[in-house]
Amino acid sequence: MSLLHFIKIQEFKSALGEESINLTTLRELSFSGIPHEEGLRSLCWKILLNYLPLDQTLWDSFLKKQREVYSQFLREMIIQPGIAKANLGLSRADVTLEDHPLNPNPDSRWNTYFKDNEILLQIDKDVRRLYPDMAFFQRPTDYPCQLILDPQNDYETLRRRVEQTTLKAQTVNRNRSGVTNVSSPGKSLNLYPSNEYEVLPSGSEAHWEVVERILFIYAKLNPGIAYVQGMNEIVGPIYYTFATDPSSSWKEHAEADTFFCFTNLMSENRDNFIKSLDDSQCGITCRMESVYAMLRDKDHELFLKLEEQNIKPQYFTFRWLTLLLSQEFLLPDVIRIWDSLFSDRDRFHFLLLVCCAMLILIRDSLLSGDFTTNMRLLQDYPISDVHLILTRAKELQENC
C-alpha cells in the first residue's frame, strides 16, 4: 500500500468517525474514488445514497427497523397461494373458491401469483446472466436467507418457483433458453446445462438468487414500474459492493441494505424506465438529447459530424444513461465511476457530463470514421481508463 493511499484511507476514516458526518466533506473525498479497504466504499455508498442518516447515533435503531421492514416484505410477498394449506395436510375439499387457481376474480391470490410469475421469469432470465465473466454471482452466499430457506416456514425459494413454472409451461422446450437464459444456441436445453448454473445444495443460495429476490420485492412494491430489463445491471454493482464488505456485521445484511439503496437510487432514476414518460421533460428522450446539446456547446465540430452522419443519441446513449454505464466497462471500473457519480450533488447531470467526455475523448476517431465505424466505436466504447474519462468530465463541469 502506497503512502498516499494510506493517507486517503485515514482521511475517510476521520470523516466517517464524526458523530455527525459532514456530507460536503464526504462528497469531496468520495469524488476522487473511495478505498475498498475496511468496508469504506460500502459505508460511503449507504450514506451517499441517502440510506444511512448523517447522525451515527441513529444508525443502530435505524438499521434494525429497516431490516425488520425488509423481512416483513419477504413474509408478505414471496408466497405461493394454496401451498400453506397443502403443507398442513388439508385435503382438496378444503380448498375454498378464494384459494382455487381457477378463481376468475382478478384480485384473487392465484391471479396475482400468475401475474407475478411473468415478472419473475423475466427477472430470472436477466439475473442469471449478470456479469457472466465473474464467478461471484454464481457462488453461494455466506448468509442465505433463513426466513425463506427454513423448511419450517410456508415460503418457497424463487428458484423453485421458477423451476416449477418453467417446467409446466407448454412452450418450455421451444424457448427454454429465452425463459431461463441458462443455455445458448447449440447447447443442450437442460434447465441447468452447465456447472456455472447448477442448483446449489439445500440450504444454500447463490448471490444471483439474492439479487433476484431484491428485484422481485421491488417489482411487487412498485407495480407502476414493476421490473424493466436493465434494473439488474443497476442493482448488481450495489449488491456486490455490500456483499464483499469485510465486516460480517454489514455483509450479513447486504440484501436488505441493497434493496433500500437501490430503491433510493431508482426514485431518482425511475423515469428513465417508464415508457409513457419517454418524451416528457423528465423522460429518457430528453436526457439523451441533453447529451447532444452539451456536446454542441463543448465540441461543435464533433456535434456537426455526428449530425451529418445521422447518428442519433438514442443509438448509444440510451444504454449509457439508463444503466449508468454499467454495460460499458468492467465491474471494478463501473464501481469507480459510481464513486464519483454518487458523490456529486446532481449525480444525473454529472452522468451527462461523463457521456459528453466519452465522446470528446474519441473525437479524432469519430471525425475520421464513417457511419459504420463510428457506430461500432459508440456501441463498444474503446477507452478503458475511467480516471481519464472522469477527469475530463470534471473539467467540463468546471467550465460550465
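The values are calculated or read from the model by the stated rules, or taken from the named source; none is laboratory data. Here the structure is a predicted model, which means the values were calculated and not measured. Cβ placement follows ideal geometry from the backbone for every residue including glycine, while neighbour counts extend to all protein chains displayed. Surface areas here come from the heavy atoms of the whole protein model, side chains and all, with no ligands, DNA or RNA. Shrake-Rupley method; radii C 1.70, N 1.55, O 1.52, S 1.80 Å.
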Inset, instruction - Scan the stretch 249-272 residue by residue and report those that are open to solvent by 20 Å² or more (accessible area, probe 1.4 Å) and free of Cβ contacts under 8 Å to residues at least 60 places away in the same chain. - result: Ser249, Thr263, Ser267, Arg270, Asp271
Legend entry - Long-range neighbours under 7 Å by Cβ, at least six apart or interchain, first residue touching a residue at least 24 places away in the same chain (Cβ under 8 Å) within the stretch 386-400, second part of a helix (DSSP H, G or I) and polar (S, T, N, Q): Leu390/Ser340
Inset, instruction - Go over the candidates Asp107, Asp55 one by one and state the one that is modelled with pLDDT of 95 or more and more than 22 Å from Lys251 (Cβ to Cβ). - result: Asp55
Inset, instruction - Please specify each residue of the stretch 293-349 satisfying the condition of being open to solvent by less than 50 Å² (accessible area, probe 1.4 Å), not small (Gly, Ala, Ser) and not in a helix (DSSP H, G or I). - result: Asp299, Gln309, Ile311, Phe316, Leu323, Leu324, Leu325, Glu328, Phe329, Asp344
Legend entry - Check on Met288, of a type in the set (A, V, I, L, M, F, W, C), at pLDDT below 95 and open to solvent by less than 40 Å² (accessible area, probe 1.4 Å): yes
Inset, instruction - Name the residue, out of Ile225, Ile238, that is modelled with pLDDT under 95, under 22 Å from Asn50 (Cβ atoms) and among the aliphatic types (A, V, I, L, M). - result: Ile225
Legend entry - Sole residue being in contact with a Pro (Cβ under 9 Å, 6 or more places away or on another chain), in the same structural domain as Leu120 (by the TED database) and either more than 30 Å from Ile362 (Cβ to Cβ) or not basic (Lys, Arg) (or both), chosen from Val210, Val291: Val210
Inset, instruction - With a cut-off of at least 1 residues that are modelled with pLDDT of 80 or more, name the helices (runs of 4 or more DSSP H) lying wholly within the stretch 136-181. - result: 146-149, 158-168
Inset, instruction - Look through the stretch 1-31, keep the residues that are of a type in the set (Lys, Arg) and under 28 Å from Glu395 (Cβ atoms), and return whichever of them is farthest from the chain's Cα centre (by Cα). - result: Lys8
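Inside the stretch 350-381, can you point out the residues that are surrounded by fewer than 14 Cβ atoms within 10 Å (Cβ to Cβ) and assigned to a helix (DSSP H, G or I)?
If the condition is that a residue be surrounded by fewer than 14 Cβ atoms within 10 Å (Cβ to Cβ) and assigned to a helix (DSSP H, G or I), then Asp364, Ser365, Ser368, Phe371, Thr372, Thr373, Arg376, Gln379 are the ones that fit.
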Legend entry - Scan of the stretch 222-246 for residues that are closer than 23 Å to Ile47 by Cβ, open to solvent by 40 Å² or more (accessible area, probe 1.4 Å) and assigned to a loop (DSSP other than H, G, I, E, B), ordered by number: Thr244, Pro246
